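What follows is calculated from the coordinates using simple rules that are stated; it is not laboratory data. These numbers were taken from a predicted model, which means no experiment stands behind them. Methodologically, a virtual Cβ is constructed for each residue, glycine included, from the backbone with ideal geometry; neighbour enumeration extends over all protein chains shown.
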Amino acid sequence: MSWEYVMTDPAKQALRANQEHYAKPGAFEYISSIYHSRRTQVATELLHAHLAPTSANLVLVDIGPGDSSPVGKESYPQAVRIAIDASAEALEGATGFTTKICADVTAGLPLDSASVDAIFCGELIEHLFDPRRFLDECHRVLVPGGLLLVTTPNIATLQDRLRFLLGKAPRHIDPLHDYIRLHIRPFTPELLDRAFSSVGFRTLDVRSNFVDFHRRGKRYNLPLLARVFPRLGGTIIAIGQKPDD
């Protein structure tokens, strides 16, 4: 038997794999779990702490929007709210936005420079082949003083640190999992902070949803521990700012 290996652009290959997976029925059902609901809640609270919900004349962007968004209509009813996703199916389910754009963000953001006040990017950056280029694009389109709010799985959770000591891989590095296999750029809080700094962002705060662990088939979520030790939590929730000119 002969095998033919076809070399493809890895960024396009990653995009295609994500589009195919998230076009499947029920692909977004996991977002409704308590784990992700808490993630969205903490992200919303963090953005509100730095950008008042009553602020007017704002342009806000959600890249990879879900059913609920920290920059959605409920949070910022007076703002221009833009949703961007490479998946038409995902955009159909995104509500509360004034504009929807179907675009491949790995090719650049379809927005003018210095035109956006805040960007939310939830559970996306780990799917991108070149996250630094993506962060650089976010920096470009934000106004001076603009905010970037990112959530991404933490591969240095309390449980994963223990797993690694036992010779097991962190949960979010699993090439056999149905959707975790799409996570090709895993982050720790320290690495995300360095990624922010590399393109000119200053990290303002880092939080998390839960410190969680599994035992005997049960999952235990501990939000209080995540408040005290956010760098051990399941999700990194980080906000950065583009410096004023």
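Send over the per residue convex hull volume for the chain, Cα only, as a whole number of Å³.
149 Å³
What is the fewest-to-most order of LYS24, LYS100 by other Cβ atoms lying within 10 Å of their Cβ?
Ascending Cβ contact count within 10 Å gives the list LYS24, LYS100.
Please list, or write none, the lysines whose alpha carbon is within less than 26 Å of the alpha carbon of LYS73, excluding same-chain residues fewer than 8 places away.
Qualifying lysines at Cα under 26 Å: LYS100, LYS242.
On a C-alpha basis, how far is the centre of the range 173-223 from the centre of the range 60-136 in Å? Whole number, if you could?
20 Å
Under the √(5λ) rule applied to the eigenvalues of the Cα gyration tensor, what semi-axes describe the equivalent ellipsoid of the range 161-245? Give them in Å, descending.
Semi-axes, largest first: 27, 17, 11 Å.
In deg cm²/dmol, rounded to 500, what helix-only [θ] at 222 nm does the chain give when every DSSP H run of at least 4 residues adds -39500 (n - 2.57) and the total is split over its residues?
Taken over the chain, the calculation gives -8500 deg cm²/dmol.
Using Cα springs under 10 Å in a Gaussian network model of the chain, which residue among GLU89, GLU29, GLU45 shows the largest mean-square fluctuation?
Between GLU89, GLU29, GLU45, it is GLU29 that shows the largest mean-square fluctuation.
Near LYS12, which aspartates and glutamates are there with a Cα under 20 Å away, not counting those fewer than 8 places off in the same chain?
Once the sequence-local aspartates and glutamates are set aside, what remains near LYS12 is GLU4, GLU20, ASP85, GLU89, ASP104, GLU123, GLU126, ASP130, ASP136, GLU137, ASP178.
Percent antiparallel among DSSP beta bridges with both residues in the chain, to the nearest 5?
45 percent
Bin by bin, in steps of 5 Å, what percent of the Cα pairs in the range 99-245 do you find, going until the bin that has the longest distance?
In whole percents, the pair-distance histogram is 2, 10, 17, 21, 18, 14, 9, 6, 3, 1, 0.
If neighbour count is taken as other Cβ atoms inside 10 Å, put ASP85, ASP160, ASP112 in order from fewest to most.
ASP112, ASP160, ASP85
Compute a Gaussian network model of the chain, connecting alpha carbons closer than 10 Å, and tell me which residue from LEU191, LEU176, LEU124 fluctuates the most.
LEU176
Among LEU222, LEU165, LEU58, which one moves the most in a GNM of the chain with springs linking Cα atoms closer than 10 Å?
With Cα springs under 10 Å in the chain, the top fluctuation among LEU222, LEU165, LEU58 is at LEU165.
Treating the beta-carbon of each Lys and Arg as +1 and of each Asp and Glu as -1, no other charges, what is the dipole magnitude of the chain about its Cα centre, to the nearest 20 debye?
1060 debye
Reachable aspartates and glutamates from LYS168, Cα under 12 Å, same-chain residues fewer than 8 places away excluded?
LYS168 reaches ASP160.
Within a Cβ distance under 10 Å of ASP85, other residues only, what is the Lys/Arg minus Asp/Glu net charge?
Net charge around ASP85: -3.
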